[in-house]
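No lab work stands behind these numbers, since they all come straight from the coordinates. It should be emphasised that the depicted structure is a prediction, and the values quoted were computed from it without experimental measurement. Reconstructed Cβ throughout: ideal geometry from the backbone, glycine too, with neighbour counts over all protein chains shown.
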Amino acid sequence: MKLATARRPGDDAELWGVVADGALHALAGDGARRWPDLAAYLADPDPAALARAADGGAPPIALDDLELLPVVPRPAKLLCVGLNFEAHRLETGRDAAPHPTIFTRFADTLVGHRRPLLLPRASQCLDYEGEIALVIGRHARAVETADAHDAVAGYTLFQDATLRDFQNHAGQFTPGKNFPATGGLGPVLVTADEVGDPRSLELTTTVNGDERQRGRLDDLTFDIPTIVAYCSTWTALAPGDVIAIGTPGGIGSRMDPPRWLTAGDVVEVAAPGLGVLTNPVAAEIDQLARAPRPTPGRTRAAAQASGQSWTGVAPESGATPAT
């Protein structure tokens with residue numbers, strides 16, 4: 001089963017449901033009340049009831065007519081495994097580690113399929129990292145490796161776009177991994193039963209149609225059961241949490257010369273059975289310039305109350321606060 005979260009253009013209301021034949025069969029009525037979002041379904045799964053609710057809900061909507069959101073729009077935890085393909089570890093020059101290297105992303109860095117990754121004003125060193133991510137399907141704490149697959153609801157695609165200069169400011173990855181709109185997630189969640197053995201999954205990353213990365217999950221240094229068991233040892237996992245399990249070799253920063261992403265590029269992450277996650281690249285300053293501006297001196301609350309957006313970006317001298 002394939003699941004997705006979306007909204008109609010110009011409408012803030014979120015829809016979610018089953019994807020079939022290029023359309024979203026969104027839940028409505030009793031189904032939407034039982035499972036208001038995808039994470040609620042993962043906490044109380046019932047595939048047969050979900051299929052009935054999707055069939056009996058609103059008329060299907062073509063995916064091309066929707067804005068696809070991150071498949072789990074607000075994961076409580078978004079954990080990422082670094083250096084988990086040997087080719088990627090070697091190209092970075094880092095030593096082998098006895099345990100998985102884990103860092104965190106914030107949910108508000110995520111964007112959906114076809115939404116732009118933003119090249120920030122603070123850096124030009126935006127790099128791609130195509131990945132497969134797993135989504136947790138039950139509460140899991142101190143899970144044994146042998147039982148770890150039972151905690152996985154399904155799989156999706158992830159773009160862990162990274163500002164390399166900020167990543168390398170210190171030993172922690174956090175600053176380079178958490179700029180706004182740098183994490184693509186989607187387009188769909190494919191349930192674990194449909195994926196089967198995830199070790200057979202192979203992902204590719206292309207930039208403007210040029211293949212940059214390719215890797216199979218049977219080449220992971222730390223496999224999925226090891227990752228889930230390890231993470232559940234030190235944090236409680238919950239339905240809807242996301243774990244990105246690593247990127248293959250071929251990142252742009254390790255090319256000679258480095259090949260950074262620039263505005264106008266199109267990055268795609270693909271894996272048979274999981275689909276294609278497409279994200280164009282846009283300059284943050286261009287996106288800000290297109291947004292409506294609140295009245296000078298208005299507070300965030302006042303701007304939002306009047307229907308205007310607010311980013312919290314500090315205004316330049318004499319300038320209206322950016323939206």
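Sorting 72, 81, 19, 266 from the fewest to the most surrounding beta carbons within 10 angstrom yields 266, 19, 81, 72. Ranking 267, 277, 179 by how far each Cα lies toward the positive end of the dipole of region 78-284 (charges on Cβ) leaves 179 at the top.
Using the beta-carbon distance between residue 170 and residue 65 and R0 = 51 Å, what value does 1/(1 + (r/R0)^6) give for FRET efficiency, to the nearest 0.05? Spell out each step's value before the answer.
Values: r = 45 Å, r/R0 = 0.88.
The value I calculate is 0.70.
Given a Förster distance of 35 angstrom, what is the FRET efficiency for residue 55 paired with residue 145, based on the Cβ-Cβ distance and rounded to 0.05? Kindly include the intermediate steps, with their values, before the conclusion.
Details: r = 38 Å, r/R0 = 1.09.
Once the sixth-power term is evaluated, E becomes 0.40.
Relative protection proxy for 27-34, 157-164, 82-89, from highest mean packing down: 157-164, 82-89, 27-34 (other beta-carbon atoms within 10 angstrom). Here region 133-147 is scanned for amide nitrogen atoms under 13 Å from the site 7 Å beyond the Cα of residue 236 along Cα-to-Cβ, giving 139-142. When 149, 25, 99 are sorted by how many other C-beta atoms sit within 10 angstrom of their C-beta, beginning with the fewest, the order is 99, 149, 25.
Can you tell me what share of the DSSP beta bridges in the chain is antiparallel? A percent to the nearest 5 is fine. Approximately 85 percent, going by the DSSP bridge assignments.
A Förster radius of 25 Å, combined with the Cβ-Cβ distance separating residue 102 from residue 197, puts the computed FRET efficiency at roughly 0.55.
Considering the zone a paramagnetic label at residue 211 would reach in this model (a point 7 Å from Cα along the Cα-to-Cβ line), which residues of region 253-274 have amide N under 13 Å from it? Counting backbone N atoms under 13 Å from the label point, the list is 270-272.
Summed over qualifying helices (DSSP H, 4 residues or more, each -39500 (n - 2.57)) and divided by its residue number, the chain shows a 222 nm mean residue ellipticity of -4500 deg cm²/dmol.
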